[in-house]
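Reviewing the structure listed below.
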Amino acid sequence: MSLRQAAARHPVFAATGCAALQFLVTTLILKAGMAYAPAAAYGKVKLLAFASTVVLPLVLVHSLGLWRQVGLHIGQSKPGKVFFASLLLCVLFLPMGVHIPPQRPLGTEVVIQLINAFGEELLFRGVIFALLLSLPRWKGIVLSGLLFGAMHLIHGFMDGNWQHAAWWALATCLSGMMFAAVRYSTGGLWPVIVLHMALNLSKIYSNLEPAAGHAALVLAERLAYGIEFALVAWVIWGGARAAQPRVATAS
């Protein structure tokens, strides 16, 4: 039995294994760097760990033979209502304009966020999404989100602040479900990559907190959670309706 056949037979196990492998590789690189690399070289260790989040998904795509399924072909993408509605998340953080701190130049951050979004989306809404396509839509969306959120527990291993890591995991779990919902609605990966990058940048450079205070930022975040939940429910409901058998009526 080939690796692809095994993954197709056990999609949940395969999807969980892919996420766990990325978690393990990234954690081992960072832990080894903290233990053995000099402090001056730790920046290079973090860069290596960052690179692994792109390299490993590419290896998985090739190993599992999923090049056609991961949605990288531009012609596969058809942005629609769900994608454009998801862009409201970015708007929520930008009503007071942008604030660009000198330590985070825009050009450099755009490149970083593009690479970050590409790697994470290729793994979760590319490889893992393709593996879970055989499941009902709601299960694929929920599992994709859970695995995405669990990946962010890595911050607890790195800085020891498990309370912060747990909250981050919960927030990114909902975001992961929303990204999966957008992926279902667009048919391709690039719109989700663009959305992921744009959302990260809008949060990083938001002038909301400096101009209007922390309470305004909290309100924007809560509204964002509401929009994410609504989009997930919308796509799941639409998938459930499409899956319902049509009953012929007598004329």
Seminar exercise, completed: Among Leu208, Leu199, Leu195, Leu231, the single one that is surrounded by 19 or more Cβ atoms within 10 Å (Cβ to Cβ) and more than 20 Å from the chain's Cα centre (by Cα) is Leu208
For this session: For the range 22-32, indicate whether the set of residues that are more than 22 Å from the chain's Cα centre (by Cα) and over 16 Å from Arg125 (Cα atoms) is non-empty.
Result: yes
Exercise. Counting only residues that are of a type in the set (Gly, Ala, Ser) and either on the phi < 0 side of the Ramachandran plot or assigned to a helix (DSSP H, G or I) (or both), which one in the range 81-113 is surrounded by the fewest Cβ atoms within 10 Å (Cβ to Cβ)?
Worked result: Gly107
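Checking the structure you have, find out if any residue of the range 126-142 is hydrophobic (A, V, I, L, M, F, W, C), part of a helix (DSSP H, G or I) and free of Cβ contacts under 8 Å to residues at least 40 places away in the same chain.
Yes, the range 126-142 contains a residue that is hydrophobic (A, V, I, L, M, F, W, C), part of a helix (DSSP H, G or I) and free of Cβ contacts under 8 Å to residues at least 40 places away in the same chain.
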For this session: Could you tell me whether the range 169-182 includes any residue that is at pLDDT 95 or above and aromatic (Phe, Trp, Tyr)?
Result: yes
Problem set entry | Search result, residues across the range 62-115 that are in contact with a helix residue (DSSP H, G or I) (Cβ under 7 Å, 6 or more places away or on another chain) and among the aromatic types (Phe, Trp, Tyr) | Trp67, Phe83, Phe93
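Counting only residues that are β-branched (Val, Ile, Thr) and either under 24 Å from Ser202 (Cα atoms) or surrounded by 19 or more Cβ atoms within 10 Å (Cβ to Cβ) (or both), how many does the range 48-80 have?
Total satisfying the criteria: 4.
The values are calculated or read from the model by the stated rules, or taken from the named source; none is laboratory data. Quick caveat, the model's predicted, so the values are computed rather than measured. Virtual Cβ from ideal backbone geometry, glycine too; neighbours counted across all protein chains shown.
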